[in-house]
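Chemist: Structure below; questions to follow.
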Amino acid sequence: MAGLAMTSHAVGSLTGPDVAAATGTPTRAVSDQRLVAVGAGANVTGQVGHDPASTGAGIGALTGTDKDGHKSSQAAPPRPAAAAEVNSEQAYLDSAAAVAARAEREAAAPAFDQAMVGLSAAERAAGQGVRAGQALHEDNRLQQDQRSQGQAEEAAGIASEVARLEEEKRLAEEAAAKLAEQARLAEEARLAAEQAAAAAANGTLLEGTLVRVPTLAPVAGASVAAAVAPIVPGRYQIAARFGAVGTWSLYHTGVDLGAPIGTPIRAAAAGIVTAPVAGGWAGTHVIIEHADGSTLYAHMMATTVVPGQSVRAGEVIGFVGMTGRTFGPHLHFEYYPPGTSQVSPYAATDPVVWMARRGIQL
């Protein structure tokens, strides 16, 4: 109003939304602020306060008296906030933002901690997974080594079993071959003996004939240290004794055991067969070297041993014949003391005495 000077007292102070509505500034308390309003042609002064009637509702008003003495009022115009107020408001907003940020952080902290715990658990699980993988790898390697070792042992066992079976097969084949060979030799010896007997009966047996037959087992009870009669007792007769005088050059150098052609002749004691060196008078003959001398078996139809062969007491070494200088089938048996030779028959001594020392009576 032109020319109007108005002084007004506000009955209170503007707070909260009242100030915000009245001034357009952020909510805060304002009191006893002097306002100077310059109107068109008039000065208006007053105080901004709180009208008791408008407490809590309202908007502060300007009250005053015009020149005629009439009171009038009008809404207080908005005023700009002071710089201090702006700074204070900014500080308040900054503080509120900090509180909100702190609250947000505090609200997010449990989730963050949980995430960290989950991450640690994941890391631990990852570490455990790595260790579990390493342990599994080691277990697989050990199992593979055990399988490889088991396979190697199994292969070795199979190879050993195959070798054993092959060895058994070889031994069985050798045994079968030996049996077959013995059967063959036995058959050959049988045929040869029959032929020799027939030839001797006909007077056509050649001197020095060698007949190979399987080695027969020694007489029961005989051993390397034992001695046996050259012909089984009961199958021979004494035809001439040592020292007898007759058709021989000087005397008889052995003992004659008369027996049919083909009668087996046995080694009197264990020894080694040596080369036959007695000469033509002995015909087909065998010499055996013993530990205490040697023995000679003359006029044999055939022999079953060769020089260098070891024989046992009682082992068959040939058959009775009529080879050499003889007048009938018989065995001429001689004994030579150690250090003597069969080249000279007169180096022999009485074989009956030698056999008697061994417990054998001829």
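The values are calculated or read from the model by the stated rules, or taken from the named source; none is laboratory data. The model shown is predicted, which means the values in this text are computed figures rather than measured ones. All Cβ positions, even for glycine, are placed from backbone atoms using ideal geometry, and neighbour counts span all protein chains on display. Ligands, DNA and RNA are stripped out before the accessible areas are found, and what is left, the full protein with its side chains, is counted by its heavy atoms. Shrake-Rupley method; radii C 1.70, N 1.55, O 1.52, S 1.80 Å.
Chemist: So which pairs qualify, if the first residue must be in the range 132-146 and part of a helix (DSSP H, G or I), the second must be basic (Lys, Arg) and surrounded by 10 or more Cβ atoms within 10 Å (Cβ to Cβ), the Cβ gap must be under 8 Å, and the two must be at least 6 apart or on different chains?
Modeler: Nothing qualifies.
Chemist: If a residue has to be within 17 Å of residue 340 (Cα to Cα), open to solvent by 40 Å² or more (accessible area, probe 1.4 Å) and either without any contact (Cβ under 8 Å) to a residue 24 or more places away in the chain or within 60 Å of the chain's Cα centre (by Cα) (or both) to count, how many in the range 277-324 make the cut?
Modeler: 2
Chemist: While we're on this one: Please enumerate the residues belonging to the range 253-276 that are in contact with a Leu (Cβ under 9 Å, 6 or more places away or on another chain) and either among the small types (Gly, Ala, Ser) or open to solvent by 40 Å² or more (accessible area, probe 1.4 Å) (or both).
Modeler: 254, 258, 259, 261, 264, 276, listed by residue number.
Chemist: Would you tally the residues in the range 335-356 being open to solvent by 60 Å² or more (accessible area, probe 1.4 Å) and either in contact (Cβ under 8 Å) with a residue 60 or more places away in the chain or over 14 Å from residue 290 (Cα atoms) (or both)? Working first, answer last.
Modeler: From the range 335-356, those open to solvent by 60 Å² or more (accessible area, probe 1.4 Å) are 338-339, 343, 346, 353; that's our starting set.
If we keep only those that are either in contact (Cβ under 8 Å) with a residue 60 or more places away in the chain or over 14 Å from residue 290 (Cα atoms) (or both) too, we end up with 343, 346, 353.
Selection size over the range 335-356: 3.
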